[in-house]
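S.K.: I have a structure I would like to understand better, so I am pasting it below and will then ask my questions one at a time.
The values are calculated or read from the model by the stated rules, or taken from the named source; none is laboratory data. Every value quoted in this text rests on a predicted model; they were computed, and no experiment measured them. FYI the Cβ positions are ideal-geometry reconstructions off the backbone, even for glycines, and counts take in every protein chain you see. All accessible areas refer to the heavy atoms of the entire protein, side chains included, with ligands and DNA or RNA removed. Shrake-Rupley method; radii C 1.70, N 1.55, O 1.52, S 1.80 Å.
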Amino acid sequence: MASDVSLPEMLAATARQLYELGWMRGTSGNVSVIAQAEPLQLLVSASGIAKYSTQPEHAVATDAQGLALDGQKHMPSAEARVHAAIVDAAGAQAVVHVHAMSSVLAATRWPEGVVLAGVEQLKGLGCSAEGERYTVPVVANSQDMDHLSDRIRRALNPEMPVVLVADHGMYVWGSSLEDAANRTESADWLLQHVLLQELVTRA
Ligand SMILES: [Zn+2]
């Protein structure tokens with residue numbers, strides 16, 4: 001995307017792009033990006049908006065706890081708290097949360113963590129494709145965003161910009177919205193691959 005595009009425009013375009021890929025059904029999923037480092041301000045997609053219709057006005061400014069700053073026209077996603085925790089713990093610039101089917105199924109199949117190794121697409125997550133094994137952490141779901149944030153903080157793998165939430169979806173982060181979205185595409189490919197690989201080798 002061109003550098004003269006504003007962050008709210010980029011955030012809305014990213015949400016629509018991820019919706020088109022089928023990972024933000026209904027009003028699910030959310031996207032965030034750092035708007036200001038000190039003190040931290042995070043733009044987070046608004047709660048309750050169908051992602052195909054996300055517009056720049058749906059980028060809600062929040063603080064380092066994911067709470068809306070004064071004067072916002074919309075409520076931030078309920079998961080803004082988790083985005084803020086990942087920004088803090090992983091040093092991310094942008095975070096994507098989707099309910100991709102691959103992430104839910106892989107977390108069910110491998111609740112102790114999903115091992116990835118030896119495929120070219122790992123480079124899309126900043127990993128080596130030479131055969132090293134990487135584990136994507138899996139945490140239990142919670143409706144309490146503080147609990148969920150704590151679980152993700154404790155589970156983070158510094159080599160892996162992805163965490164799966166069982167029975168829910170995944171969080172993926174990167175150095176920009178574009179990077180986080182690209183990594184989400186790679187993560188979905190890799191999770192589909194391990195699931196299908198198991199079917200193929202069982203057959
Ligand atoms: Zn969710």
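S.K.: For the stretch 143-203, report the translational diffusion coefficient in µm²/s to the nearest whole number, using Stokes-Einstein at 4 °C, 1.567 mPa s, and a Kirkwood Rh over Cα pairs.
M.R.: Rounded, D is 98 µm²/s.
S.K.: Summing +1 for each Lys or Arg and -1 for each Asp or Glu, what net charge is found among the other residues whose Cβ lies under 15 Å from the Cβ of R16?
M.R.: Neighbour charge sum, excluding R16 itself: -3.
S.K.: How large is the charge dipole for the stretch 59-138, taken about the Cα centre, if only the Cβ atoms of Lys, Arg (+1) and Asp, Glu (-1) carry charge, to the nearest 20 debye?
M.R.: It works out to roughly 180 debye.
S.K.: Additional query: What dipole magnitude, in Debye to the nearest 20, does the stretch 7-202 give about its Cα centre under +1 on Lys/Arg Cβ and -1 on Asp/Glu Cβ?
M.R.: Dipole size: approximately 400 debye.
S.K.: Take peptides 147-160, 94-107 and line them up by average Cβ neighbours within 10 Å, highest first, as a rough protection proxy.
M.R.: Going by the mean number of other Cβ atoms within 10 Å, highest first, we get 94-107, 147-160.
S.K.: While we're here: Counting other Cβ atoms within 10 Å, keep those with at most 12, restrict to DSSP loop, and tell me which GluC sites (Glu not before Pro) in the stretch 74-136 are left.
M.R.: Sites meeting the loop and neighbour criteria: E112, E130, E132.
S.K.: Which angle between 0 and 90 degrees, to the nearest 10, do you get for helix 145-155 versus the longest principal axis of the chain when only C-alpha atoms count?
M.R.: So the inclination is approximately 40 degrees.
S.K.: Using the Cα centre of the stretch 7-202 as origin and beta-carbon charges of +1 (Lys, Arg) and -1 (Asp, Glu), tell me which of P111, A68, P161 is placed farthest towards the positive end of the dipole.
M.R.: Positive-end residue among those listed: P111.
S.K.: Turning to a different aspect of this structure: Any idea of T184's accessible area? Nearest 10 Å², probe 1.4 Å.
M.R.: The accessible area of T184 comes to roughly 0 Å².
S.K.: Also, quick follow-up: Tally Lys and Arg at +1 and Asp and Glu at -1 over the other residues with C-beta under 10 Å from the C-beta of P161: what net charge comes out? Numbers along the way, then the final one.
M.R.: On the way: positive: R183; negative: E159, D179.
Net of charged neighbours comes to -1.
S.K.: Further, regarding this structure: Stick to Cα atoms and the Kirkwood definition of Rh, then tell me Rg/Rh for the chain.
M.R.: Numbers: Rg = 16.2 Å, Rh = 16.8 Å.
A ratio of 0.96.
S.K.: A follow-up question, please. How far is the Cα center of the stretch 152-203 from the Cα center of the stretch 15-82, in Å?
M.R.: Between the Cα centres of the stretch 152-203 and the stretch 15-82 lies a distance of 20 Å.
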